[in-house]
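The values are calculated or read from the model by the stated rules, or taken from the named source; none is laboratory data. Fair warning: this is a prediction, and the values are worked out from it, not measured in the lab. Glycine gets a Cβ as well: all are built from the backbone with ideal geometry, and neighbour counts include every protein chain shown. These area figures cover heavy atoms from the full protein model, side chains too; ligands, DNA and RNA do not enter into them. Shrake-Rupley method; radii C 1.70, N 1.55, O 1.52, S 1.80 Å.
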Amino acid sequence: MPHTLDWRRLQPFAAVAVAVLAVAVLVTALLAPGRAVPDPLVAVAGDRTVACPVGDPVFGQTTVTGEGEELRWSALGGELGEAAARFSLTDPEQTVVVTGDQSMGVLSTAVQRGALVGAFCATPSATGWWDGVWVTDTQESALILTNVDDTSASVTLTVYSQIGPVSVKGLRQIPIDRYETRVVDLNTFFRDAGVTVDKPVAIELKADTGRVVSYLRSQGELGEDWRQSSVGPTTDLVIPGVPTVQGEGEGASRYLFITNHGDTATKVQVLGQGTGAAVPLAAGTSEEGGGITIQPQTTTFLDLSQALAGETIGIVLHSLAYREGADPQAITAALVVVGTDMGSVAAQPEMSGGMVIPAVKDASLVVTNPGEQAARVVLTPRDAEGVLGTPSETQVNPGTLSIPLGVEAGSVDVTVDGDGVRVVLIVPRIGDTAGLIVAPLGAGGALGLNVTINYDPTLG
């Protein structure tokens with residue numbers, strides 16, 4: 001029988017605007033009406049620094065593997081070692097910090113309590129968003145916050161439930177010392193504050209000072225999971241395709257969580273991006289209009305188990321005006337798969353350029369193309385000595401396609417040519433342990449990290 005969810009058991013770059021203008025021009029600009037313009041992409045060259053989560057060795061083994069041009073790594077707060085093109089660490093005692101080129105790929109995977117967890121090591125940020133967060137007696141959630149800088153940081157967490165914001169004492173101005181990884185156990189904070197929720201909540205992180213690398217860790221009866229942040233709240237989102245986790249019997253359940261971060265109600269259209277044209281995945285979300293109504297500052301969920309029918313389908317969400325004359329509100333979203341293990345992925349930014357992926361046996365890439373034109377994905381294997389093999393090219397028409405990684409040693413260079421493409425690495429097994437790791441590749445690559453910079457056109 002499919003796994004069913006018993007709710008009673010489950011409880012950057014900042015925006016930049018700079019204008020140096022003559023006084024007359026400035027006054028004219030300030031009085032002019034605003035106009036919508038696309039966000040430009042600015043190529044930024046140089047190295048980047050990432051931090052890698054690690055599991056508890058008591059519950060299973062962690063492996064951190066990196067591939068790139070010149071990688072230097074150390075334990076958090078330690079001195080970076082000599083540069084190398086690749087490295088592999090087994091059961092590091094604490095968070096691993098790596099500095100390297102824009103296209104480097106550093107992957108942390110672990111077996112924890114007989115389930116799989118994993119993620120690509122991420123860069124520091126001042127913000128983060130997670131939807132579908134269980135804080136119950138049977139499923140525990142924690143934010144793993146790492147400060148890689150030599151100055152202290154502090155963050156404030158905001159909690160949204162299905163009826164509105166939830167006040168939880170102790171989640172404001174949480175300090176993270178220099179070179180510290182802090183585990184914010186949400187269950188402990190909720191319990192100490194006397195707050196009980198029987199359905200998953202949404203969490204928003206904003207740094208008061210500094211920046212952190214952040215992951216959501218979920219563990220309990222539903223399985224184990226590490227999840228990176230969603231892309232920031234916006235009106236149009238794409239969640240890459242995620243396969244089911246094989247549970248006992250016919251499969252697993254898949255739930256879509258959506259949070260309205262706006263000040264007024266909004267409607268959300270939910271479309272599936274499968275092997276053909278996008279199709280509605282929920283009643284009232286057809287191409288002609290309509291949508292699921294979400295009240296301001298609340299989170300909700302949809303059971304898409306039947307709608308997805310076990311297929312690996314990407315999800316496209318559009319926030320629509322709640323009523324005539326109203327503005328669509330910014331949303332975040334994530335898809336969570338529940339079976340014998342838990343797997344999840346939040347809405348992601350498009351991938352541009354390229355990235356090097358360490359080889360993982362039986363792994364595949366799930367590519368979601370939400371556009372109207374075909375995209376191209378090129379995989380070029382490298383052996384253990386770094387020697388390039390023969391590239392293979394795959395055309396990805398609008399929709400979602402799974403591409404086997406096809407290597408068990410070395411690495412694979414992944415390049416994407418196409419607009420709006422999202423890519424995730426799927427790992428179904430580590431050794432003898434089956435489960436599901438969903439690791440989004442994210443933005444950036446060999447062509448430089450593409451940074452979306454917002455600006456107000458009325459300023460010049």
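Considering the stretch 331-350, the residues that are of a type outside the set (S, T, N, Q) and more than 17 Å from the chain's Cα centre (by Cα) include one that is nearest to GLU224 (Cα to Cα), namely ASP341.
Quick one: in the stretch 414-437, which of the residues that are touching a Lys or Arg at 6+ places or on another chain (Cβ under 8 Å) and within 29 Å of ASP236 (Cα to Cα) is surrounded by the fewest Cβ atoms within 10 Å (Cβ to Cβ)? Per the criteria, the residue is ASP417.
Table: residues versus (1) over 24 Å from the mean Cα position of the chain (by Cα); (2) at pLDDT below 95.
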| position | (1), (2) |
| --- | --- |
| ASP383 | yes, yes |
| VAL387 | yes, yes |
| GLN395 | yes, no |
| LEU405 | no, yes |
| ASP417 | no, yes |
| VAL423 | no, no |
| GLY435 | no, yes |
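Look at the stretch 192-208: where a residue is of a type in the set (Lys, Arg) and a partner is at pLDDT 95 or above, sitting 6+ places away or on another chain with Cβ atoms under 8 Å, you get LYS199/SER161; LYS199/GLN162; LYS199/PHE301; LYS206/ALA126; LYS206/THR127; LYS206/VAL155; LYS206/THR156; LYS206/THR158. Counting only residues that are under 18 Å from SER103 (Cβ atoms) and either open to solvent by less than 20 Å² (accessible area, probe 1.4 Å) or of a type in the set (Lys, Arg) (or both), the stretch 387-409 holds 1 of them.
Given the residues VAL50, VAL54, which is the only one that is open to solvent by less than 20 Å² (accessible area, probe 1.4 Å), within 27 Å of VAL414 (Cα to Cα) and not charged (D, E, K, R)? From the options VAL50, VAL54, the qualifying one is VAL50.
Of the numbered criteria (1) open to solvent by less than 50 Å² (accessible area, probe 1.4 Å); (2) more than 23 Å from ALA75 (Cβ to Cβ); (3) touching a strand residue (DSSP E or B) at 6+ places or on another chain (Cβ under 6 Å), the one VAL212 fails is (2). When the stretch 155-174 is filtered for residues that are over 22 Å from ALA333 (Cβ atoms) and open to solvent by 20 Å² or more (accessible area, probe 1.4 Å), the ones remaining, listed by number, are SER167, LYS169, GLY170, ARG172, GLN173.
The condition (being under 29 Å from ARG48 (Cβ atoms), under 22 Å from the mean Cα position of the chain (by Cα) and open to solvent by 40 Å² or more (accessible area, probe 1.4 Å)) is satisfied by just one residue among ARG217, ARG178: ARG217.
How many of the residues making up the stretch 82-124 are among the charged types (D, E, K, R) and assigned to a strand (DSSP E or B)?
Adding up the residues that qualify gives 1.
Within the stretch 338-358, is there a residue that is over 28 Å from PHE301 (Cα atoms), open to solvent by 10 Å² or more (accessible area, probe 1.4 Å) and of a type in the set (Ser, Thr, Tyr)? Yes, the stretch 338-358 contains a residue that is over 28 Å from PHE301 (Cα atoms), open to solvent by 10 Å² or more (accessible area, probe 1.4 Å) and of a type in the set (Ser, Thr, Tyr). For PRO92, the test of being open to solvent by 10 Å² or more (accessible area, probe 1.4 Å), within 18 Å of the chain's Cα centre (by Cα), within 18 Å of PRO53 (Cβ to Cβ) and not acidic (Asp, Glu) is failed. For beta carbons closer than 7 Å, sequence separation of 6+ or different chains, a first residue in the stretch 240-252 that is modelled with pLDDT under 65 and among the charged types (D, E, K, R) and a second that is surrounded by fewer than 19 Cβ atoms within 10 Å (Cβ to Cβ) and in a loop (DSSP other than H, G, I, E, B), the qualifying pairs are GLU248/THR340; GLU250/MET1; GLU250/PRO2.
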